[in-house]
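Down below is the structure, laid out as structure tokens.
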Amino acid sequence: MAFIMKQLQNTSHLFGSNAPFIEELYENYLADPASVSDTWRDYFDKLQAQAGAAVRDVAHGPIIAAFEQMAKRGPVRTVMSEGGEDKLQVAVLQLINAYRFLGNRWANLDPLKRTERPQIAELEPSYYGFTEADLSRSFNVGSFHGFSTERATLREILEAVRQTYCGSIGSEYMYITDIAQKRWIQSRLESVRGTPKFSADMKRRILERTTAAETLERYLHTKYVGQKRFSLEGGESTIVAMDELIRVAGSLGVAETVIGMAHRGRLNVLVNTLGKSPSMLFSEFEGKAASDLTAGDVKYHMGFSSDVMTPGGPMHLTLAFNPSHLEIINPVVAGSVYARQVRRKDKDKNQVLAVLVHGDSAVAGQGVNQEMLNFSQTRGYGTGGTVHLVVNNQIGFTTSDPRDYRSSLYCTDIFKMV
């Protein structure tokens, strides 16, 4: 046992987040042994001399490229360091990875300040042995996309990763098994450091949509006091997200979008996204709306359909009717999208889009979501992907303390199954 433990201690630094850095050194060694430090060259020489080893190992890069992995990962950046620099360089890469994995835990995601942000030692430079004197030292930034050059000071690296992963947008994606998908997210998130840059026209549009959402809620609250309406107050950005989603989808060739959602914010989406006339909504509040059915339904269960213009042309929007079981409409929407794709002979599944809007409590608490996610990637039921939006007002309908209504850290953790 002692021998096994000693062997583990002697080799543990070769694995985990250090592995990419060591693999890169080994590639350099195979191409030119003189390109690595004496310590690493001696170590790699001993590997070549072990019993059973090939006379001369071949570079791994071309083999990986044969499987189209190198193309997905992008260009490899070479870390050139000597002596004691190796350990510090590895520590920098570990620090960057720590922010990719754990930065969301320290992000500013709780506007109500209901819970304290945890202390996370792995996000502190001192955890890796850095001191104040190291802040001005320059290091290779590895695969981090936040710089135009391959090197930056530790102070600049810290500022960049904190802006990217600890701002008002939390990003959790390192659990994804597909490396190409992770690299895709990193390239878009890190290049702007988690802060999108909008044009003046886009800013005005965001303001207009937010104002429209808030104005409707204020009017309904003032005009129809005491009537149940499941307000979108505090989640008005949902209307902005829906607006941008529909515009971008239309520009990419989507011709139909089917929306499923529960009660929260439904009246606002009907008016400000699908274009339902406010007068029709007010008539429903006042009990004056005409109905062709002998038995009606409450206004926050109602569906609707309309045609809207997008940068790519007209798009047909459908909001599915919804019963009181908050999430049960989700598989119905997916089935409707699948049927429309079949009708259109849309084999690439690019013309019809499913959008599901959840509440933070119901999305984690109702088992129909797990069942639907399980079928989402299968050949007989897949629709090419669904856009999920979660309106998180941090208050469940009957329970407000997260310790009482879920066991996971986030209400969206269920989606990690796909």
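The values are calculated or read from the model by the stated rules, or taken from the named source; none is laboratory data. Everything quoted here is computed from the prediction, not taken from an experiment. So basically every Cβ, Gly included, is an ideal-geometry build from the backbone, and we count neighbours across all protein chains shown.
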First in segment 347-375 and over 24 Å from Ile395 (Cα atoms), second anywhere and buried (at least 16 other Cβ atoms within 10 Å of the Cβ) and of a type in the set (Lys, Arg), Cβ under 6 Å, 6 or more apart:
Val352/Arg340
State whether one or more residues within segment 135-158 are under 30 Å from Ile395 (Cβ atoms) and of a type in the set (Asp, Glu).
no
Where in segment 172-255 are there helices (runs of 4 or more DSSP H), lying wholly inside it, with at least 2 residues that are under 23 Å from Met315 (Cβ atoms) and assigned by TED's automatic domain parsing to the domain that holds Thr310?
200-223, 237-251
Take segment 142-171 and flag every residue that is part of a loop (DSSP other than H, G, I, E, B) and within 19 Å of Ala107 (Cα to Cα).
Phe144, Gly146, Cys166, Gly167, Ser168, Ile169, Gly170, Ser171
From (1) among the charged types (D, E, K, R); (2) at pLDDT 95 or above; (3) exposed (fewer than 13 other Cβ atoms within 10 Å of the Cβ), pick out the condition that doesn't hold for Lys228.
(2)
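Please verify whether Thr215 is surrounded by fewer than 14 Cβ atoms within 10 Å (Cβ to Cβ) and among the hydroxyl-bearing types (Ser, Thr, Tyr), treating the condition exactly as stated.
Considered against the rule, which asks whether it is surrounded by fewer than 14 Cβ atoms within 10 Å (Cβ to Cβ) and among the hydroxyl-bearing types (Ser, Thr, Tyr), Thr215 comes out as yes.
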Out of curiosity, is Gly396 within 24 Å of Ile176 (Cα to Cα) and in contact with a Phe, Trp or Tyr (Cβ under 9 Å, 6 or more places away or on another chain)?
no
Note: among Arg193, Arg218, Arg162, just one is over 21 Å from the mean Cα position of the chain (by Cα) and either among the basic types (Lys, Arg) or at pLDDT 95 or above (or both), namely Arg218
Kindly check whether there is at least one residue in segment 369-390 that is in the same structural domain as His263 (by TED's automatic domain parsing), closer than 21 Å to Pro111 by Cβ and outside any strand (DSSP E or B).
no
State which residue is nearest to Gly287 (Cα to Cα) when the search covers only segment 212-247 and only residues that are in contact (Cβ under 8 Å) with a residue 40 or more places away in the chain and of a type in the set (Phe, Trp, Tyr).
Tyr224
It is to be established whether one or more residues within segment 237-244 are over 20 Å from the mean Cα position of the chain (by Cα), closer than 28 Å to Asn369 by Cβ and either modelled with pLDDT of 95 or more or not acidic (Asp, Glu) (or both).
no
Test for Ala49: is it over 31 Å from the mean Cα position of the chain (by Cα), at pLDDT 65 or above and aliphatic (A, V, I, L, M):
yes
Could you grab me the full set of residues in segment 159-170 that are under 14 Å from Ile96 (Cα atoms) and touching a residue at least 40 places away in the same chain (Cβ under 8 Å)?
Val161, Arg162, Thr164, Tyr165, Cys166
Scan segment 271-289 for residues that are under 25 Å from Asn330 (Cα atoms) and in contact with a helix residue (DSSP H, G or I) (Cβ under 7 Å, 6 or more places away or on another chain) and jot them down.
Val271, Asn272, Thr273, Lys276, Leu281
Test: residue in segment 119-129 that is in the same structural domain as Ala180 (by TED's automatic domain parsing), over 30 Å from Asp413 (Cα atoms), at pLDDT 90 or above and in a loop (DSSP other than H, G, I, E, B)
yes
So, of the residues in segment 159-178 that are among the aliphatic types (A, V, I, L, M) and touching an Asp or Glu at 6+ places or on another chain (Cβ under 9 Å), which turns out to be surrounded by the most Cβ atoms within 10 Å (Cβ to Cβ)?
Val161
